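One structure below.
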Amino acid sequence: MQTQIPKREEIPQASKWCIKDIYGNDQLWEADFNDLSESYTKLKDYAGTLGSSSDRLADYLILKDELSLLLEKLYVYANQKSHENLADNGYQDLAARISSLSTLFLAAIAFEEPELLQIPDKQLLNFIKENEQLTRYEHYLKDILRKKSHTLSKEQEELIASANDMAGAASNIFAMLNNADIKFPVITDDQGNHIEITHGRFVSLLENKDRRVRKDTFEAFYKTYNGYRNTFAAMYCANLKKDLFYSKARHYPSSLAMHLDTNNVPVKVYNQLINTVREHLPLMHQYVALRKQLLHLNEIHMYDLYTPIVKGIQMDIPFENAKDIVLKGLSPLGEDYQALLKKGFDGGWIDVYENQNKRSGAYSWGVYGVHPYVLLNYQNNLDNTFTLAHEMGHALHSYYSNHSQDYVNSSYSIFVAEVASICNESLLTNHLLNTAASDNEKAYLLDHYLNSFRGTLFRQTMFAEFEKITHQMTADGQSLTADVLCDIYHQLNRDYYGPDIIIDYEIDIEWARIPHFYTPFYVYQYATGFSAAAALSGRILEDGAESVATYKKFLSGGSSKYPIDLLKEAGVDMTTDEPVKEALEIFSHVLRQTTELLL
């Protein structure tokens, strides 16, 4: 492991994404920015006329899509360039400028939904029937009618839209503090090397076989966050209050209901997830007890949850090897899927390695009409191999959707996005288990699978419960200081991990480092996605070509239907608790297998 994080210019070009596929240079970006700055105002000319004829409505929607795509292109380029180096003020400036223009753009079209809702429902539906150009907008327009009671007047919508920049302040400040300003200490690893802790290295260090390294990393990392505890609490609470304001303004009973209604997901799906997982928490408690026993510990701590319980297996996986492993693991998805993976691996889709001030974590993003992009901070381990499979699941989901749907229906919801990525992880797990060289390696992989369950189904549900509690307390007018937030988080860890583990006080501040909390009620979709993916991957492996074809139809659906309906067509009904229960049964089965192999 390198002790110093390389600068951006020290990373080989072949390991960087090809942002030039969006814009060849900043001057081209500036030209389009200037064009959009002038042309977006044309949309205002349609105000007051959308109900005059189906042709007028079609002309408006087509122009809006053209300009929205240009805005998206500008936005993604500026932000992805800034993510390469968050200390680069030039690209921070581009990102800020396009964010401001985006606010103006949204304000310019704020008249749209209120005006559409003034058109009698029957007339609007007749417009769709009589005008072929409106066919692609049928789902979009019917969804607007569905949300009629939550749409405000033209003036109110303009006011709401104009506040978007301000409303994003807490999230933006968090991103700057968490990714650019905050610096973590240096620790000494098990080889005597001085290692600077980073977001990208944190989990790898917690996997270290040397418990002293794990403990030092854990304590130093969270001590840093504790030094900013009141600042993080202020940012998080500001975000909570922002969502409370919007939910009240739009006449929703709660922030939770508002966010789930975006994709027409019933609130019961969220509550059902938490309730079902809570009913099965004894399984997680058994897993923690097993780890304690197999690690031969008198006390198991939070920093012992990542290190493998199987010794003697060292999986050092350079990126080139990871690509081969992922290709083989995803072979059940067919030759066309394989070909797209190879295209992504070798075609400038991926920004592979960590560099100084690069955005932490991993994601897939992109622009309609341009190939998807994947940001990684790759480390040579099994977790990062799974991250590659995960993010390429998102990337190929985007590819299939973008090549099957018109722009208006191309952007799938997060609720289904996590299904595609976690399905890849499930298939990769199956491949690795089938090709394990020994029982010991198989046990190692089973433990990794159990850790995936812990991190995705159990831990993300715990995050979801934390969000539900804190948003409700804000709605009830209760004060959420750093101490209160830490107390809530401590108790949730105690509930979820059970009586056998020491809930170290350092973990109480973990809520402060979770970026997804600034996209409220997002993380539960990792858990529901994990459950749906477990069902779909099982069918792909059992049924072969027929299930693969059904799955690819799901990948191609975009937002042409509601996510719940897309999953139902793929054979998974998330309005029931059955998919979550099935996933938890798999966890129970894997836990038994692991116990039998190792005890």
Is the shape of region 152-284 rounded, prolate or oblate, going by the alpha carbon gyration tensor and its root eigenvalues a ≥ b ≥ c, with a/c under 1.5 for rounded and a/b larger than b/c for prolate?
oblate
Take every DSSP beta bridge whose two residues both sit in the chain, then give the antiparallel share in percent to the nearest 5.
65
Can you give the relative contact order of region 17-167 as a percent, counting alpha carbon pairs under 8 Å and 6+ residues apart?
27
Which of Leu117, Ala47, Leu57 sits farthest toward the positive end of the charge dipole of region 17-167, with +1 on the Cβ of Lys and Arg and -1 on the Cβ of Asp and Glu?
Leu117
Would you mind pulling out the separation of the Cα centroids of region 277-326 and region 535-599, in Å?
23
Quickly rank 457-468, 102-113 as a protection proxy: mean count of other C-beta atoms within 10 Å, highest first.
457-468, 102-113
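Calculate, in nm to one decimal, what Asp21 and Ser149 gain on full extension: separation in residues at 0.36 nm each, minus their alpha carbon distance.
Gain on extension, Asp21 to Ser149, equals 41.9 nm.
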What FRET efficiency comes out for the pair Val203/Tyr140, r = Cβ-Cβ distance, R0 = 35 Å, nearest 0.05?
0.30
Within region 221-265, name every residue whose backbone N is under 14 Å away from a label modeled 7 Å from Cα of Asn271 along the Cβ vector.
253-258
Please give the length that would be gained between Glu578 and Thr231 if that part of the chain were fully extended, namely 0.36 nm times their separation in residues minus their C-alpha to C-alpha distance (nm, one decimal).
120.8 nm
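May I ask for the Kirkwood hydrodynamic radius of region 17-167, worked out over all distinct Cα pairs and given in angstroms to one decimal?
In region 17-167 this quantity evaluates to 16.9 Å.
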Search the structure for amide H atoms under 5 Å from the amide H of Thr188, placed 1.01 Å from N in the peptide plane, and list their residues when 5 or more places away or on another chain.
Ile195
Taking 0.36 nm per residue of separation between Gln338 and Asp181 and subtracting their Cα-Cα distance, the length gained on full extension comes to 52.5 nm
Leading residue at positive end of dipole, region 17-167 (Cβ point charges), from Leu141, Ala78, Ile98:
Leu141
If you put +1 on each Lys and Arg Cβ and -1 on each Asp and Glu Cβ, how big is the dipole of the chain around its Cα centre, in Debye rounded to 20?
540
When the dipole is taken about the Cα centre of region 403-521, and only Lys, Arg (+1) and Asp, Glu (-1) are charged at their Cβ, what size is it in debye, to the nearest 20?
300
Mind listing the long-range amide H neighbours of Gly366? Cut-off is under 5 Å, sequence gap 5 or more, other chains count too, H placed in the peptide plane at 1.01 Å from N.
Tyr373
Between helix 89-108 and the chain, what is the angle of the helix's C-alpha long axis to the longest principal axis, kept within 0 to 90° and rounded to the nearest 10?
40
Any idea which of Ile309, Ser413, Leu205 is furthest toward the positive side of the dipole for the chain, if Lys and Arg beta-carbons carry +1 and Asp and Glu beta-carbons -1?
Ile309
Per the 1/(1 + (r/R0)^6) rule, R0 = 25 Å and r from the Cβ atoms of Gln123 and Ala257, FRET efficiency to 0.05 is 0.25
Helix 459-475: angle to the longest alpha-carbon principal axis of the chain, degrees 0 to 90, nearest 10?
50
Residue by residue through region 300-313, the couplings from Karplus 6.51 cos²θ - 1.76 cosθ + 1.60 with θ = phi - 60°, in Hz, x for Gly and Pro, are 9, 10, 4, 7, 9, 7, 9, 5, x, 8, 9, 8, x, 10
Applying the gyration tensor rule to the Cα atoms of region 453-529 (axes a ≥ b ≥ c; rounded if a/c under 1.5, else prolate if a/b exceeds b/c, else oblate), the class is oblate
With labels modelled as points extended 7 Å from the Cα through the Cβ direction, what inter-label distance (nm, one decimal) is found for Leu159 paired with Leu433?
5.6
Between region 439-489 and region 367-383, the Cα center-to-center distance that results, in Å:
25
Between region 491-523 and region 1-73, the Cα center-to-center distance that results, in Å:
37
Binned Cα-Cα distance frequencies in region 448-599 - 10 Å width, integer %
9, 31, 31, 20, 8, 0
Karplus (6.51, -1.76, 1.60) ³J(HN,Hα), θ = phi - 60°, over region 347-362, in Hz, Gly and Pro reported as x
x, x, 7, 10, 9, 7, 9, 5, 9, 4, 6, 6, 4, 6, x, 8
Kirkwood Rh over alpha-carbon pairs of the chain, then Stokes-Einstein at 20 °C and 1.002 mPa s: what D in µm² s⁻¹, rounded to an integer?
84
How do 376-389, 267-280, 413-426 rank on mean C-beta neighbours within 10 Å, highest first?
413-426, 376-389, 267-280
Could you calculate the FRET efficiency of His589 with Asp59 from 1/(1 + (r/R0)^6), where r is the beta carbon distance between them and R0 is 51 Å, rounded to 0.05?
0.35
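Quick note: the coordinates plus some simple rules give every number you see, no bench work behind them. Computed from a prediction, not measured in an experiment: that's the story for all the values here. Note: ideal-geometry Cβ built from the backbone for every residue, glycine included; neighbour counts use all protein chains shown.
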